[in-house]
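The values are calculated or read from the model by the stated rules, or taken from the named source; none is laboratory data. On a predicted model such as this, the values are computed, not experimentally measured, just so you know. Here the Cβ positions follow ideal geometry from the backbone for every residue, glycine too, while neighbour counts run over all protein chains shown.
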Amino acid sequence: MKKVVLLKIVLLSAALIAISCGENKKKIILNFPVTNLELEHIIPKPSKIIATNSAFGLDHTTVIYTSQASNGFKEVGDFLSESIKEKTALELSVNDTNLETVDRIIYLNQTESAELETTESYQLYISKDSIIINAKSAEGAFRGVQTLRQIIPNKSNDTITTHKMWLVPTGKIIDNPNFEYRGAMLDVARHFFSVADVKKYIDLLAYYKINKLHLHLSDDQGWRIEIKSWPLLTAVSGKTEVGSGEGGFYTQEEYKDIVAYAAKHYMTIIPEIDMPGHTNAASFAYPILNGNGKTLKPYTGTRVGFSTFDTNKDTVYAFIDDVVREISAITPGPYFHIGGDESHVTKKKDYIYFVDKVEKIVQKHGKQMIGWDEIMQANVDSSTIAQHWSTAANAIEGARKGSKIILSPAKKAYLDMQYDSLSKHGLHWAAYIPVDSAYNWIPEKFIKELQKENILGIEAPLWSETITTMAELEYLAFPRIIGYAELGWTIEENRNWEDFKVRLANQTPYLEKMNVNYYPTTLIDWKVNGVEKTMPLKGYRQ
């Protein structure tokens, strides 16, 4: 332990001495223009920003140092270095103790400051010669890095020095999350999305501080995760999807790859196996599971509510035990989602019996159960989480039982709803959800009977009945998911549509750099480097 602490002190001291040695050199070049950190287009909006109106000159002489004694800080430093390289082509060293002089440093520092309210909280201090991110954990440092990435200019200012330098506005940012759960859901069952697609979605979500990705892995149309003890699930039902496409599935190794990639971005993967309804694909592979008494066949339509497991058969629970066991073993996060929605042909008493049994199976395998709000009709305990999508009474009942609630109201938060009547993709059975409507609601007050302490957070689900490609996924998700990210992170008093739409308009360079096929709503005056962007958007694909 003494060696670790000493190494941390040596690194920081070496960095500060190096800066001091380079002071005369800096005086020649630090004639920076006035900046204003408060006018940066940061999303989600931080809790507090104080501008000091100068600049940190990011250039090839800048180095990154991290708290060495702490798990994850070095890896976050490496992530920051790579992100800076992608944006500026600068290659910044991380924890290099061999440098004789250092003009400027970025330091990721672990601290137990009482001002940091959660493990995701961070403080970002920017002066002329240093950028310091204080956090209790590497997760908090990672959130701070996302903010720093957003305020590094897209272009260098070559008029200041003889070499390229990116001027980062100076000041102080204090930031804490509004909700601990800030999620997105991707339905890979109706249409399958590849590992590469999911990783790109993770990249985009993490940039806006979303920390949960819920994968809807099974439905009537397909089964998307390898279960070694029940191989026909993927051998048979991994080949179907809506519209008779070829489907697909993740091997357990591919799923573990997704989980590990998400973990590097401090994002928790939440697997969902939807049951007892939405189970035609499972029952077609193994008819012994079927409970609706009808002859089964592959289903490639979009109707819901016609399928069910046989809730009174021991084999069904043995099957569920195997599925939950195998998926839980390769999912380090705390949650397992059992679906539970729209089980219209399951008798209510059988539904209640089923949910109660499955809750015990999930708990046996060390996971906390989540289900769509219908599960609150059963006798679940207070550790189980209800995801509100439709019926407020179910969410209220969940809170009465002591359960936490995730808010995903279909008429406000469903990403598969069309923007308007002209939208090519999506549905509108719940509502049309233009970008302003997606942002202009208050999760803390959406169900008046719920208090904020009842709410775990929010999630924006994207059901895939009408989309088949990553470009179509992006069309529905962006830019609305960016607004949901702010609803989850930023406190109510700091949220304002007129302010948000300006910051959203200036996300264009990042979205286009990432080749995101975002919907170019006319509600937003899209900007590139502060100049309004004319339509059609470059790369925009209907």
Per the filter on region 240-299, residues charged (D, E, K, R), in contact with a Phe, Trp or Tyr (Cβ under 7 Å, 6 or more places away or on another chain) and either at pLDDT below 95 or part of a helix (DSSP H, G or I) (or both) are none
Restricting to region 380-396, what's the tally of residues that are exposed (fewer than 15 other Cβ atoms within 10 Å of the Cβ) and either in contact with a Ser or Thr (Cβ under 7 Å, 6 or more places away or on another chain) or in a helix (DSSP H, G or I) (or both)?
-> 2
Residues being in contact (Cβ under 8 Å) with a residue 60 or more places away in the chain and assigned to a strand (DSSP E or B): count how many of those fall in region 125-175.
-> 13
What pairs come up if the first residue lies in region 326-338 and is touching a residue at least 40 places away in the same chain (Cβ under 8 Å) and more than 23 Å from Glu180 (Cβ to Cβ), the second is of a type outside the set (S, T, N, Q) and in a loop (DSSP other than H, G, I, E, B), and their beta carbons are under 6 Å apart, counting only those six or more places apart or on different chains?
-> Glu326/Ile227
Does Ile405 fit the bill of being closer than 19 Å to Gly457 by Cβ, surrounded by fewer than 21 Cβ atoms within 10 Å (Cβ to Cβ) and not small (Gly, Ala, Ser)?
-> no
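Are any of the residues in region 304-317 surrounded by fewer than 19 Cβ atoms within 10 Å (Cβ to Cβ), closer than 22 Å to Trp463 by Cβ and in contact (Cβ under 8 Å) with a residue 60 or more places away in the chain?
The answer is yes, given that some residue of region 304-317 is surrounded by fewer than 19 Cβ atoms within 10 Å (Cβ to Cβ), closer than 22 Å to Trp463 by Cβ and in contact (Cβ under 8 Å) with a residue 60 or more places away in the chain.
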Please find, among Ser390, Ser383, Ser408, the residue that is among the small types (Gly, Ala, Ser) and in contact with a Pro (Cβ under 6 Å, 6 or more places away or on another chain).
-> Ser408
Looking at region 371-379, is at least one residue at negative phi, buried (at least 21 other Cβ atoms within 10 Å of the Cβ) and part of a loop (DSSP other than H, G, I, E, B)?
-> no
Which one of Ala477, Ala410, Ala430, Ala399 is crowded, with 24+ Cβ neighbours inside 10 Å and in the same structural domain as His214 (by TED's automatic domain parsing)?
-> Ala477
Name the residues in region 297-318 that are over 21 Å from Asp350 (Cα atoms) and over 34 Å from the mean Cα position of the chain (by Cα), would you?
-> Lys297
Residue among Gly402, Gly339 that alone is at pLDDT 95 or above, within 25 Å of the chain's Cα centre (by Cα) and part of a loop (DSSP other than H, G, I, E, B) = Gly339
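Quick one: is Glu474 at pLDDT 95 or above, charged (D, E, K, R), closer than 12 Å to Asp416 by Cα and in contact with a Ser or Thr (Cβ under 8 Å, 6 or more places away or on another chain)? Step through it out loud before you land on a result.
Working: at pLDDT 95 or above: yes; charged (D, E, K, R): yes; closer than 12 Å to Asp416 by Cα: yes; in contact with a Ser or Thr (Cβ under 8 Å, 6 or more places away or on another chain): no.
No: the conditions fail for Glu474.
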Among the candidates Thr119, Thr101, single out the residue that is at pLDDT 95 or above, part of a loop (DSSP other than H, G, I, E, B) and of a type in the set (Val, Ile, Thr).
-> Thr119
Per the filter on region 161-220, residues over 20 Å from Leu511 (Cα atoms) and basic (Lys, Arg) are Lys164, Lys172, Arg182, Arg190, Lys212
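Can you name every residue in region 32-70 that is among the basic types (Lys, Arg) and either free of Cβ contacts under 8 Å to residues at least 24 places away in the same chain or part of a loop (DSSP other than H, G, I, E, B) (or both)? Give the derivation first.
Going residue by residue through region 32-70, those that are among the basic types (Lys, Arg) are 45, 48.
Listed by number, the list holds a single entry, Lys45.
Output the residues belonging to region 166-196 that are among the hydrophobic types (A, V, I, L, M, F, W, C) and touching a helix residue (DSSP H, G or I) at 6+ places or on another chain (Cβ under 9 Å).
Start the filter on region 166-196 by keeping residues that are among the hydrophobic types (A, V, I, L, M, F, W, C), which leaves 166-168, 173-174, 179, 184-186, 188-189, 192-193, 195-196.
Matches in region 166-196: Trp166, Val168, Ile173, Phe179, Ala184, Leu186, Val188, Ala189, Phe193, Val195, Ala196.
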Residues of region 104-116 that turn out to be in a loop (DSSP other than H, G, I, E, B) and crowded, with 16+ Cβ neighbours inside 10 Å, as a count = 3
Do you know which of the residues in region 425-442 that are in contact with a helix residue (DSSP H, G or I) (Cβ under 8 Å, 6 or more places away or on another chain) and among the hydroxyl-bearing types (Ser, Thr, Tyr) is farthest from Ile385 (Cα to Cα)?
-> Ser437
Does Ser93 meet the test of being surrounded by fewer than 22 Cβ atoms within 10 Å (Cβ to Cβ), out of contact with any helix residue (DSSP H, G or I) (no Cβ under 7 Å at 6 or more places or on another chain), at pLDDT 95 or above and closer than 23 Å to Thr508 by Cα?
-> no
Here are some residues: Lys228, Lys199, Lys212. Which one is touching a strand residue (DSSP E or B) at 6+ places or on another chain (Cβ under 7 Å) and either in contact (Cβ under 8 Å) with a residue 60 or more places away in the chain or of a type in the set (Val, Ile, Thr) (or both)?
-> Lys212
Result of the Cβ filter at 9 Å on region 406-424, keeping first residues that are farther than 13 Å from Thr391 by Cα and in a loop (DSSP other than H, G, I, E, B) and partners that are modelled with pLDDT under 95 and among the charged types (D, E, K, R), at least 6 apart or interchain, is Gln418/Lys424
Only one residue in Leu215, Leu233, Leu204 is surrounded by 24 or more Cβ atoms within 10 Å (Cβ to Cβ) and in a helix (DSSP H, G or I). Which one?
-> Leu233
Residue in region 71-89 that is outside any strand (DSSP E or B) and either modelled with pLDDT under 95 or in the same structural domain as Tyr266 (by TED's automatic domain parsing) (or both) present = yes
